[in-house]
Amino acid sequence: MSIEVLESAAAVAEKIDRERLSGKAIGLVPTMGALHEGHASLIARAADECGFVVVSIFVNPTQFGPSEDFDVYPRTFEADLELCESHGVDLVFAPTAGELYPFGTRSVVKAPEIADLLEGSGRPGHFDGVATVVSKLFAIAGRCNAYFGAKDYQQLQVVKAMAKELCFPVEIVECETVRESDGLALSSRNRRLDIGQRAAALSLSAALSTAKDAIEVLGETSAAEVERIMIDILHSVEGVEVEYAVVADLVSLQHIDSISDEVRLLVAAKVGNVRLIDNVGAIPSLRHGEALREKVVAQ
Ligand code: AMP
């Protein structure tokens, strides 16, 4: 394999600086490995927009709680390198924990307020871990575009707010969720589902798309009703344990009562031992024509 893989943060920073000085835009794609077509779509976008693409592969221990799945998180390093090579990645940064946390966790980043909701309430400290590791990657990469998936919608909003608050010279690029043909959002954790659990996991995307239709096609404006629709679908499938199913403001992710503008629908559920999340946007039918016109005018 000819793709360059570096463990040293200093070596990566130096290499990126050289590429930037030679005039190339830098594209950074942070990942925890076990790469799939969702990651590949981020890489493809980065390769389209930037002359030099760096993928980081690091299963970040500080974003996992003590009873979470750090030990069993899928690790497929050789296959990851192949995917990176075949998608035109220029450099893979694969640090050890000691490389990224040389003095442990004394110096950490406290994630912005939005981190306290949803994922944050069920996974205390999770987004502080994400904000800390992403800050380290941004510090190493310097001025760049960084590509994040809407699949982890709250993470995307946390990273956007954190990058702004800490003045990182980083443009956060939002990439759409890639799904299987039956609707299941691609996720590294899907590898841990058996056949029955995979079928049950489809209830997440089914709940979201039914709720989206209720808002966009049927004109439902009550968030409580939309949430009831999602929860009913999730509860109707054996082996699915719902954590939340909410209608939230697009940016603040605060819960809303009445749907009069574009919203985000977010769900989290456990299927067996595997915790899955998914989300979609929904534009109320009243606003649909208007939003489409705005899109056409903007193009
Ligand atoms: P992870 O390796 O799960 O930490 O994800 C790394 C990046 O890939 C994050 O920005 C995720 O949001 C993004 N990602 C994961 N799954 C998908 C997907 N199905 N579609 C688009 N982006 C994704």
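The values are calculated or read from the model by the stated rules, or taken from the named source; none is laboratory data. Remember, it's a predicted structure, so these values are computed and weren't measured experimentally. Reconstructed Cβ throughout: ideal geometry from the backbone, glycine too, with neighbour counts over all protein chains shown. For the accessible areas, the whole protein counts, side chains as well, though only heavy atoms, and no ligand, DNA or RNA atoms are used. Shrake-Rupley method; radii C 1.70, N 1.55, O 1.52, S 1.80 Å.
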* How high is the relative contact order of region 4-175, in percent, counting Cα pairs under 8 Å that sit 6 or more residues apart? -> 28
* Neighbourhood net charge (14 Å Cβ-Cβ; Lys/Arg +1, Asp/Glu -1) for Pro112 -> -2
* In degrees, nearest ten, helix 285-298 long axis to first principal axis of the chain (Cα) -> 40
* To do: Ignoring everything but the protein chains, give the 1.4 Å probe accessible area of Asp261 in square angstrom, nearest 10.
  => 80
* Once every Cα of region 188-298 carries one equal point scatterer and solvent is ignored, give the base-10 log of I(q)/I(0) from the Debye formula at q = 0.20, 0.24 Å⁻¹, two decimals. => -0.96, -1.22
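In the chain, what percent of the accessible surface is made up of carbon and sulfur (1.4 Å probe, ligands and nucleic acids excluded)? Write out the running numbers ahead of the final one.
Details: 7460 of 14270 Å².
Whole-percent figure for carbon plus sulfur exposure: 52.
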* What angle, in degrees between 0 and 90 and rounded to the nearest 10, separates the Cα long axis of helix 126-141 from the longest principal axis of the Cα atoms of the chain? -> 40
* Quick one: which of Lys15/Lys270; Lys160/Lys270; Lys110/Lys270 span more than 31 angstrom between C-alpha atoms? -> Lys15/Lys270
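Tell me the volume per residue, in Å³, of the convex hull enclosing the alpha carbons of the chain.
140
If I take R0 = 51 Å and measure r between the Cβ atoms of Ala25 and Glu238 in this structure, what FRET efficiency does the formula 1/(1 + (r/R0)^6) give, to the nearest 0.05? Before the final figure, lay out the partial values.
Values: r = 49 Å, r/R0 = 0.96.
Calculated transfer efficiency: 0.55.
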* Relative contact order (percent, whole number), region 155-285, Cα cutoff 8 Å, 6+ residue spacing -> 24
* Structure fact -> Taking Cα atoms, the helix 195-216 axis meets the longest principal axis of the chain at an angle in degrees (rounded to 10) of 60
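Over all directions, how big on average is the projection of the convex hull of the alpha-carbon atoms in region 119-171, in square nanometres?
On the way: hull surface 13.9 nm².
Over all viewing directions, region 119-171 projects a mean Cα-hull area of 3.5 nm².
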* **Under 19 Å from the Ile3 label point (7 Å along Cα→beta-carbon), backbone N, region 61-81** => 74-81
* Give me the net charge of Ala10's neighbourhood, meaning all other residues with Cβ under 11 Å from the Cβ of Ala10; Lys, Arg count +1, Asp, Glu -1. => -3
* To do: List the GluC sites (Glu not before Pro) within region 171-206 that fall in a DSSP loop (any state other than H, G, I, E or B) and whose Cβ has at most 16 other Cβ atoms within 10 Å.
  => Glu176, Glu180
* Structure fact -> Under the helix-only model (-39500 (n - 2.57) for each DSSP H run of 4 or more, divided by the residues of the chain), the mean residue ellipticity at 222 nm, to 500 deg cm²/dmol, is -13000 deg cm²/dmol
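So what is the accessible area of the chain per residue, in Å², with the probe set to 1.4 Å? Kindly include the intermediate steps, with their values, before the conclusion.
Details: 14270 Å² over 299 residues.
With all protein chains present, the chain gives 48 Å² per residue.
For region 4-175, which semi-axes, largest first and in whole Å, follow from the square roots of 5 times the eigenvalues of its Cα gyration tensor?
Numbers: eigenvalues 112, 64, 53 Å².
Over the Cα atoms of region 4-175, the semi-axes work out to 24, 18, 16 Å.
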* Got a number for the accessible area of Tyr147? Probe 1.4 Å, square angstrom, nearest 10. -> 0
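For region 110-221, report the convex hull volume of the alpha-carbon atoms normalised per residue, in Å³, without decimals. Please list the in-between numbers first.
Values: hull volume 16.4 nm³, N = 112.
Dividing the Cα hull volume of region 110-221 by its residue count gives 146 Å³.
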* Once the mean 1/r over all distinct Cα pairs of region 234-288 is inverted, what Kirkwood radius in angstroms do you read off? -> 12.3
